[in-house]
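The values are calculated or read from the model by the stated rules, or taken from the named source; none is laboratory data. In this text the structure is predicted, and so the values were computed from the model without any measurement. In this analysis, Cβ positions are derived from the backbone assuming ideal geometry, glycine residues included, and neighbour counts consider all displayed protein chains.
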Amino acid sequence: MLSNVYLHYVLDLWFEKVVKPRLKGEAYLIRYIDDFIICFQYRSDANRFHETLKKRLEKFALTLEPNKTRLVEFGRFATKHAKERGKRLESIYFLGFTHYCTTNRKGNFMVGRKTEKTRLKRSIIKLQATLREIRHSPIKEQVAVINSVLRGHYNYYGVAGNLKSLFKIYLRTEHYWKRMLSSRCSKGYVTWEKFQAIKGTFPILRPKLSIPYMSLKAYAML
């Protein structure tokens, strides 16, 4: 909480009151605790601000993390410019998501989002460890734990456009749970037919978007 209040003064207020009035174009700051993204309309503003920001933070004994600090061209012209330069289109990694440039069904620019691959791998590994720990518990109790973990994952990562990533963790959970059920005793392998019967009695939560496309605009305006 203290660091959040500190950065509100060091970064947020300074950006709004001092930096923005001196820029050529529009700019927006999005910050969560000590992670932040700043969007600029013009590259020249971004380059100039980068140097100014380093000096500003030094005054308060703060520094930027080099591995997390970079200038990325992002927006409706990014794809065209990347092709012209023969370069790969860049993405933004923020709060566990990969944000990338794409288009909707009408061909208009939109921001795509998917679970960042290291976060997805970490979630799968954690869930598999949980399944190993509870594999000797009654199936009803196992499902309660599995659904609790999946519900938390879906609630955070269930943003419009990310359904494919949600299904990845769902399917990996399904396969690994079947494997753990097969390893519980000497009776042997649990067939898919038997596993489907178990799921029919004790269903595991299927992926669901917590923020569908219709709600995205409202969240963006908060």
Quiz item: Here are some residues: Y156, Y219, Y189. Which one is under 17 Å from G96 (Cβ atoms), modelled with pLDDT under 95 and surrounded by 10 or more Cβ atoms within 10 Å (Cβ to Cβ)?
Solution: Y219
Practice problem: Could you look through region 73-94, keep only residues that are within 18 Å of the chain's Cα centre (by Cα) and more than 20 Å from A27 (Cβ to Cβ), and pick out the one that is surrounded by the most Cβ atoms within 10 Å (Cβ to Cβ)? | Solution: Y93
Quiz item: All but one of (1) farther than 30 Å from M110 by Cα; (2) at pLDDT 95 or above; (3) surrounded by 16 or more Cβ atoms within 10 Å (Cβ to Cβ); (4) of a type outside the set (S, T, N, Q) hold for P203; which doesn't?
Solution: (3)
Quiz prompt | Qualifying positions in region 149-206 - among the aliphatic types (A, V, I, L, M) and part of a helix (DSSP H, G or I) | solution = V149, L150, L163, L166, I169, L171, M180, L181, A197, I198
Practice problem: Scan (1) part of a helix (DSSP H, G or I); (2) modelled with pLDDT of 95 or more for the single condition K114 breaks and write down its number. | Solution: (1)
Quiz item: Among the residues of region 127-146, is there at least one that is under 30 Å from T201 (Cα atoms) and among the hydroxyl-bearing types (S, T, Y)?
Solution: yes
Quiz prompt | Number of the condition not met by K106 [criteria: (1) surrounded by 13 or more Cβ atoms within 10 Å (Cβ to Cβ); (2) within 30 Å of T79 (Cβ to Cβ); (3) out of contact with any strand residue (DSSP E or B) (no Cβ under 9 Å at 6 or more places or on another chain)] | solution = (1)
